[in-house]
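Heads up, the thing below is written out as structure tokens.
The values are calculated or read from the model by the stated rules, or taken from the named source; none is laboratory data. Predicted model, so just to flag it, every value in this text is computed and none were measured. No Cβ is skipped: glycine too gets one built from the backbone with ideal geometry, and neighbour counts run over all protein chains shown.
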Amino acid sequence: MTKILRTALALTVVCGVAALALSFVYVVTRERIASEARKELDEALALVFPEGENFTPIDLATLGPIPESKELQFLEAYEAIKGGKRQGIVVKVASTGYGGPIVLLIGVDTEKGTITGIRVLEHQETPGLGSNVAAEPFLSQFLGKPLTSPFTIGEDVQAVSGATISSRAVARACGKVAELLRGERE
């Protein structure tokens, strides 16, 4: 019985020390991790809306009624500003793919009503198949596409071979963002 108590006490001490060490590392690194995440977001915002000088977070509700979809979530929105004037909107969405949510940034020129850029921030798609939706050959077909496009696989969007579900997730995200921002333009 005492051997079991000693083992239990030793395991408790080891777990306690490990928990304290992890807590310490978290406290020391959380600001740097947040700073790096913000830097990555700023870089991605500049890629999807190259004309923007500054990106200001805005409330999604100001863009109008959010289109409902059980397969898509609107996460954030940013105004792309140049010379003190709004040039467009960048919307961050999560669309359900084959392996889980695909988190994207989609830039839209609100004057012209076209997509300025798209970037996959996170995904869990199958490497070599679904993960190809994050590559330029697939994403580049959305550049300059008007918000009035249907964003339908096989119609105006060419799917990644072997990754139809993942391709549909990206096309769905573009379509729902277009639906939201078309309402703002009307």
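So Ser95 ticks every box in (1) touching a strand residue (DSSP E or B) at 6+ places or on another chain (Cβ under 7 Å); (2) hydroxyl-bearing (Ser, Thr, Tyr); (3) over 30 Å from Gly128 (Cβ atoms) but one. Which box is left unticked?
(3)
Mind checking which residues of region 1-37 are surrounded by 10 or more Cβ atoms within 10 Å (Cβ to Cβ) and among the acidic types (Asp, Glu)?
Correct list: Glu36 only.
Would you confirm whether any residue within region 62-78 is touching a Leu at 6+ places or on another chain (Cβ under 8 Å), at pLDDT below 95 and of a type in the set (Gly, Ala, Ser)?
Yes, that holds for at least one residue.
Of everything in region 38-80, what is hydroxyl-bearing (Ser, Thr, Tyr) and either within 17 Å of the chain's Cα centre (by Cα) or buried (at least 18 other Cβ atoms within 10 Å of the Cβ) (or both)? Give them in sequence order.
Matches in region 38-80: Thr56, Ser69, Tyr78.
Of the numbered conditions (1) out of contact with any helix residue (DSSP H, G or I) (no Cβ under 9 Å at 6 or more places or on another chain); (2) within 25 Å of Val170 (Cβ to Cβ); (3) not aliphatic (A, V, I, L, M), Thr7 satisfies every one except a single condition; which is it?
Of (1) out of contact with any helix residue (DSSP H, G or I) (no Cβ under 9 Å at 6 or more places or on another chain); (2) within 25 Å of Val170 (Cβ to Cβ); (3) not aliphatic (A, V, I, L, M), only one is false for Thr7: (2).
What number of residues within region 103-145 satisfy the criterion of being free of Cβ contacts under 8 Å to residues at least 40 places away in the same chain, over 13 Å from Val48 (Cα atoms), among the small types (Gly, Ala, Ser) and not in a helix (DSSP H, G or I)?
2
Can you find a residue that is modelled with pLDDT of 95 or more, buried (at least 24 other Cβ atoms within 10 Å of the Cβ) and either among the polar types (S, T, N, Q) or at positive phi (or both) anywhere in region 140-162?
No, because not a single residue in region 140-162 is modelled with pLDDT of 95 or more, buried (at least 24 other Cβ atoms within 10 Å of the Cβ) and either among the polar types (S, T, N, Q) or at positive phi (or both).
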